[in-house]
Amino acid sequence: MVVRSPARYDETREIPGETMHVKSRHRSEPPARPPLTRPAESTDPADTREVAADHHHRHLVAKVTLGGLAALSACTGLAAVAAPSTPPPAQAVTTVTHAAVPSSVQKEMGDIHGILQVNPDHEPAQEAGTLYAVYPNQNGAADILATRNGTTPTGNNIPSNAVKDNRVVIMTEGIGDQVPSYAHDSHQFFQSNQNSWDVNLGQPLIGIHEGTSTHVYQDVLRVAKDYVDTKTVENGGHVSMSSVDQNDPAVQTAYNVYKQQLDQGHDMLLIPHSGGGPEDALALNMLSQSSPHYKTLIGEHVRILSLAGAAAPGDYVDAGVHSNNIYYVATSHDPIGLFGEHYVDPTQPGS
């Protein structure tokens with residue numbers, strides 16, 4: 001497991017079966033990558049039955065599980081976001097708490113669906129961009145707040161009971177699965193204490209649904225365009241919201257909701273997962289480009305906990321997020337997570 005905070009990279013902690021690193025985006029020479037070993041697989045028949053019964057959820061479960069582990073051990077302060085007038089000092093990892101990851105989850109670390117296969121969870125296009133809330137006392141049920149194109153930059157789609165200590169927690173989903181699946185898993189890992197690796201944030205979680213196309217490659221192409229559009233904006237180019245919405249309605253939902261919350265002075269803990277990384281990065285960079293005022297507000301009110309997001313920490317820095325407010329979590333077996341480690345300079349695409 002690898003945890004990266006752009007604040008610093010000179011902390012290394014060994015835990016059984018894993019190596020944890022915290023490192024900076026701004027560095028003259030990266031640290032050497034330690035040798036990695038794949039976790040041992042269980043021969044327990046119960047694990048085999050669990051694998052067969054829940055195959056299409058485990059890619060999400062593996063990454064969210066490890067995200068929870070890292071958040072618990074290294075990012076405790078993220079659950080109490082404040083809006084400082086100046087950037088807070090960099091946080092150093094001083095202790096690491098290790099909890100055993102189930103063998104069924106270990107086995108599926110890095111599992112990627114065949115890109116050409118029909119997605120069993122495909123759904124109508126109008127489901128993309130759905131905004132929903134998951135409350136701690138509803139056992140993972142999703143409360144739909146807005147459907148596609150149901151948000152506006154000047155409205156308010158977040159109910160007051162989803163705001164705690166002036167903070168809103170918002171997760172942008174990855175590729176695959178439907179709202180009920182994400183709501184259930186988000187509740188399990190961020191609102192309960194059912195397992196030793198759960199992290200209870202102690203408040204409602206807002207979700208932005210990416211949507212699931214008929215074929216996985218369609219979702220991959222959608223997220224790839226989000227990434228290219230992000231680089232265009234970072235390089236000073238213009239991308240219209242109409243073209244963004246036509247490609248990925250979740251980006252428009254994120255843009256509108258983030259602007260609403262910043263206008264109200266709320267702090268935001270954003271949790272992009274997998275393909276949700278480029279969606280978050282694009283929405284924030286477009287908002288930052290719209291006015292220096294919003295770039296300042298993003299720096300004052302936004303923290304990122306990226307769960308193997310396909311956008312680099314530097315993409316959030318470009319939008320105005322302070323580097324010591326960004327945490328990147330990924331397993332070493334996940335190609336999406338490995339891709340998200342590397343910032344591509346928009347002025348030097350080959351970098």
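Derivation of every value follows stated rules applied to the coordinates shown; laboratory data play no part. These numbers were taken from a predicted model, which means no experiment stands behind them. Glycine gets a Cβ as well: all are built from the backbone with ideal geometry, and neighbour counts include every protein chain shown.
The figures follow:
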{"quantity": "Cβ-defined net charge surrounding residue 247, 9 Å radius [Lys, Arg +1; Asp, Glu -1]", "calculated": "-2"}
{"quantity": "About the Cα centre, charge dipole magnitude for segment 192-248 (Lys/Arg +1, Asp/Glu -1 at Cβ), debye", "calculated": "60"}
{"quantity": "Cα point-scatterer Debye curve for segment 209-263, base-10 log of I(q)/I(0) at q = 0.17, 0.20, 0.29 Å⁻¹", "calculated": "-0.59, -0.78, -1.19"}
{"quantity": "Net length gained if the chain between residue 154 and residue 137 were fully extended (0.36 nm per residue, minus Cα distance)", "calculated": "3.2 nm"}
{"quantity": "Normalised convex hull volume, segment 164-279, alpha-carbon set, Å³ per residue", "calculated": "114"}
{"quantity": "Distance from segment 133-182 to segment 213-229 (C-alpha centre basis), Å", "calculated": "22"}
{"quantity": "Translational diffusion of segment 299-351, µm² s⁻¹ [Kirkwood Rh, Cα pairs; Stokes-Einstein; 4 °C; 1.567 mPa s]", "calculated": "113"}
